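Single-structure report; data block below.
What follows is calculated from the coordinates using simple rules that are stated; it is not laboratory data. From a predicted model like this one, the values you see are computed outputs, not experimental measurements. FYI the Cβ positions are ideal-geometry reconstructions off the backbone, even for glycines, and counts take in every protein chain you see.
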Amino acid sequence: MDVIKTLPYASKALALAIICGTLLNTLGLASFLQLVPNNAIANFHIWSFVTYFMVEKGFLQTVSSLITIVMVGRLVEPLWGSTEFSLYLGCAVLSGGIMVWILCYVLFQSTGEAIFLMDHISGFQAGVGALLVAAKLVGGDQDVGGLQTKWFASIYFLVCTVLLVAVTSYSGFLGMTGAYVGWLYLRFWQVEGENTGEGLTSNAFAFHSFFPEPIQQPAQVVGTIVFNLAAMCKLVKRRASEPPDGLYSSSVEQTSLGTNPVIAARRRQQAQQEIEARLAQVGKEHTDGMDSLLDDVEGGIERQRSI
């Protein structure tokens, strides 16, 4: 509990919510928090599209979720602020709830089995996926237990894919959705990305960067096609400075500002904005000074003429 007390505000609230929800589930009192596809719309339990994340069904899931919150939240929330951090996780959790609800109805329509509409779905897997994507952004090449932080999200996505294909696991589907929505949010929509409201443009966070080097080139092609289709449908906005193949250039970035090119790009952008602001201020002061000098000269000429 001492570890949770030292967490930033939003991370602490998130951890406590999962602990409370899991305890309620142990007592059999958490059904109103879980997402039941049939009840979500028919009985207007719309809050369950978000509250399902509070209820973990097993000890291993609870521990893994809390560890992820403690490790990543302590690092990311101070950088982004509690509001942005909460908005990011909220988008991932809500998207996971909506997508798993759609999946259940698709399974019901294709099989005719009403059991898919009565399943009790819960867990913080969507949030874990989003947090690991944030860890890739902030941690970059940092080693944790002999593994670089940037690969945690990729490994998690692979495990969730195997669970979904092998046993039709809702947890796996939630994890995949959370990771992908987290990347979309940071790539295209994060307001604080580069103070532009258009997300992160660094190649170190491109779609193909989530794959091992041998298959990055095919992943880059797939990512470019998907991006161009999304841009045509106005789902994302193509930036004027982008190359023809969208956001998926395979060039390698080198930086002396740190091991993480994404953070280095953000620092360069902030430094450039500060320089431009200072130059604009100096230019304004210079212009004001010239105007004052011209006024003094003109006043002196007028006085001489009057004499």
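Between GLN109 and ASP143, full extension at 0.36 nm per residue minus the direct alpha carbon distance yields a gain of 7.7 nm.
Backbone phi angles across region 208-225, fed through the Karplus curve with coefficients 6.51, -1.76 and 1.60 (θ = phi - 60°), yield HN-Hα couplings of 5, 5, 7, 10, x, 3, x, 10, 5, 5, x, 5, 5, 5, 4, x, 5, 4 Hz in residue order; Gly and Pro are listed as x. The distance between label points at LYS237 and CYS20 comes to 3.8 nm (points 7 Å beyond Cα on the Cα→Cβ vector). A cut-off of 5 Å between modelled amide H atoms, ignoring neighbours fewer than 5 places along the same chain, links ILE121 with LEU35, VAL36.
Here each label is just a point 7 Å from Cα along the line to Cβ, and for ILE215 and ARG74 those points are 3.4 nm apart.
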